[in-house]
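Below: one structure, written as structure tokens.
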Amino acid sequence: MNDQQLEAVLRRSLARHAATIESGPQWPLPEEDLLVPAPRHGRSWWPVAAAVAAVLAVIGIVVTVRHLTADRHEPATPAIVTRSACTIDPPPAWQHAIEAAGRGNLGQVVLGGAPDGTILVRREGGTTVQTVLVSPSGATRMVQQMPFPGRYGVATNSMIDSRWIVLPIGDIRADVPTLLEFDVFDRATLHLTEKVPITKGARIGTWALFNGHLYWTQPRSGSTGSLLDHDLTARTTRTAEPDGVRSVLASPNGVAWTDAQHRTHLLAGAAPDQIPGQPGTHPGLVTDGRSYAWPSASSITWHDTATKQTVMVRWLPRFQVTVVAVAGPYVLINSEYNQNRSSRLIDTRTGAAATVPFQSSGSVASSNGILAYSAAPVVVLHVDQLPPLTC
């Protein structure tokens with residue numbers, strides 16, 4: 001074999017191994033390329049072979065580094081970060097935001113919220129009480145107005161999505177507050193489209209709105225009862241479950257009902273007590289549609305479905321913790337021990353837990369970077385525009 005033939009063989013081998021750059025070069029080379037006799041005369045072929053060997057060695061190093069880098073940044077099982085909470089007072093930027101929200105006088109009580117960050121509030125003043133729609137920009141629109149003081153009122157846990165607003169209307173002067181109907185409004189026009197009646201004398205347990213359907217329970221003897229499903233577009237009501245229903249669970253991603261044994265039965269969407277792509281169920285799970293949080297003994301656990309990151313923040317031992325809401329990396333909790341109660345907003349990135357003037361009697365709305373809660377008056381915080389809480 002002359003020099004030109006040997007060079008052609010080596011070039012062919014190099015091309016073949018260059019094609020394996022994602023999986024590493026094949027080594028050793030096939031026998032037909034290695035087992036060739038040395039040239040008997042002319043130029044030496046060793047410089048060419050040495051150059052080829054050097055190139056292949058570099059390829060091997062690059063592939064090895066690439067695989068090591070992939071292993072380091074893409075672990076098989078994402079790690080759970082554990083932090084200890086530290087209690088702090090709200091920093092100046094947060095204090096100013098809370099005080100500014102109070103001066104805005106949006107209303108007295110948060111009634112509900114939508115996935116886009118729009119909220120419903122109750123505003124009392126003079127001789128009327130108003131239900132007001134507040135957009136993320138702060139613009140307001142009145143949905144409904146009633147006499148104040150009056151016999152009827154809008155209950156907390158009102159519901160709103162991209163198309164509908166549903167207000168539970170109750171008799172607030174009855175010996176036992178009784179729900180009478182659901183007033184349904186078209187969100188775009190704020191036109192009252194229908195009044196969904198409730199069976200006279202029926203006790204209403206829990207209710208939820210999901211994907212154009214209104215669900216509510218009607219308890220009978222004991223703690224269980226029936227489940228009704230009202231289609232807001234068709235304006236029809238059916239009995240989804242005749243008996244054995246304890247409560248309705250809902251999230252921005254799905255709705256389900258629970259039975260007397262606290263087992264969950266899915267109605268539509270994703271199970272509201274589960275995290276998409278994660279095993280197991282989590283009692284007390286709350287979500288803003290992307291971030292999830294739930295209590296774990298005296299700690300809280302937070303998970304982000306986009307980054308797959310999970311963080312556990314240890315809270316004070318022996319305290320009973322209730323997770324109220326989650327807004328991005330922030331988790332709003334109520335904690336209690338020996339009648340010592342407090343509300344804290346925990347930044348899961350640092351473990352810092354700031355005291356907030358949250359009133360547990362009101363509802364909370366959190367979505368799209370907005371956290372709104374009742375604090376007489378209503379506080380609306382754009383948490384994605386505020387600095388992180390730090391210890």
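Annotations for the structure displayed:
- Segment 186-222, residues that are of a type in the set (D, E, K, R) and in contact (Cβ under 8 Å) with a residue 12 or more places away in the chain: ASP186, ARG187, GLU194, LYS195, ARG203, ARG220
- Among the strands (runs of 3 or more DSSP E) confined to segment 278-391, the ones with at least 3 residues that are under 30 Å from ALA139 (Cα atoms) and touching a His at 6+ places or on another chain (Cβ under 8 Å) are located at 291-296.
- Residue selected from segment 219-236 under the condition at pLDDT below 95 and loosely packed, with under 10 Cβ neighbours inside 10 Å, by the criterion nearest to the chain's Cα centre (by Cα): GLY222
- Of all residues in segment 203-215 being buried (at least 17 other Cβ atoms within 10 Å of the Cβ) and in contact with an Asp or Glu (Cβ under 9 Å, 6 or more places away or on another chain), the one that is nearest to LEU133 (Cα to Cα): LEU209
- Residues satisfying the stated conditions in segment 306-332, i.e. buried (at least 23 other Cβ atoms within 10 Å of the Cβ), free of Cβ contacts under 8 Å to residues at least 60 places away in the same chain and within 18 Å of VAL81 (Cβ to Cβ): VAL326, TYR330, VAL331
- Residue that is farthest from ALA372 (Cα to Cα), among those in segment 277-305 that are surrounded by fewer than 20 Cβ atoms within 10 Å (Cβ to Cβ) and under 10 Å from the mean Cα position of the chain (by Cα): THR305
- Selection from segment 357-377 of residues that are buried (at least 20 other Cβ atoms within 10 Å of the Cβ) and among the hydrophobic types (A, V, I, L, M, F, W, C): PHE358, VAL364, ALA365, ILE370, LEU371, ALA372
- Test: residue in segment 158-178 that is in contact (Cβ under 8 Å) with a residue 12 or more places away in the chain, surrounded by fewer than 18 Cβ atoms within 10 Å (Cβ to Cβ) and either assigned by TED's automatic domain parsing to the domain that holds ALA372 or on the phi > 0 side of the Ramachandran plot (or both): no
- Residue count, segment 309-331 (criterion: under 12 Å from SER291 (Cβ atoms) and of a type in the set (A, V, I, L, M)): 6
- Being surrounded by fewer than 19 Cβ atoms within 10 Å (Cβ to Cβ) and assigned to a strand (DSSP E or B) holds for only one residue in LYS195, LYS200, and it is LYS195.
- Residue in segment 228-238 that is under 30 Å from ALA85 (Cβ atoms) and either assigned to a strand (DSSP E or B) or not basic (Lys, Arg) (or both) present: no
- With respect to the conditions (1) within 23 Å of ALA270 (Cβ to Cβ); (2) out of contact with any helix residue (DSSP H, G or I) (no Cβ under 8 Å at 6 or more places or on another chain), ALA327 falls short on a single one, namely (2).
- Selection from segment 107-155 of residues that are in a loop (DSSP other than H, G, I, E, B) and surrounded by 21 or more Cβ atoms within 10 Å (Cβ to Cβ): GLY107, ALA114, GLY117, THR118
- Boolean, SER296 is of a type in the set (Gly, Ala, Ser), within 30 Å of ALA353 (Cα to Cα) and at pLDDT below 90: yes
The values are calculated or read from the model by the stated rules, or taken from the named source; none is laboratory data. Small disclaimer: the values here were computed from a predicted structure and weren't measured. Cβ: placed from backbone, ideal geometry, glycine included. Neighbour counts: every protein chain shown.
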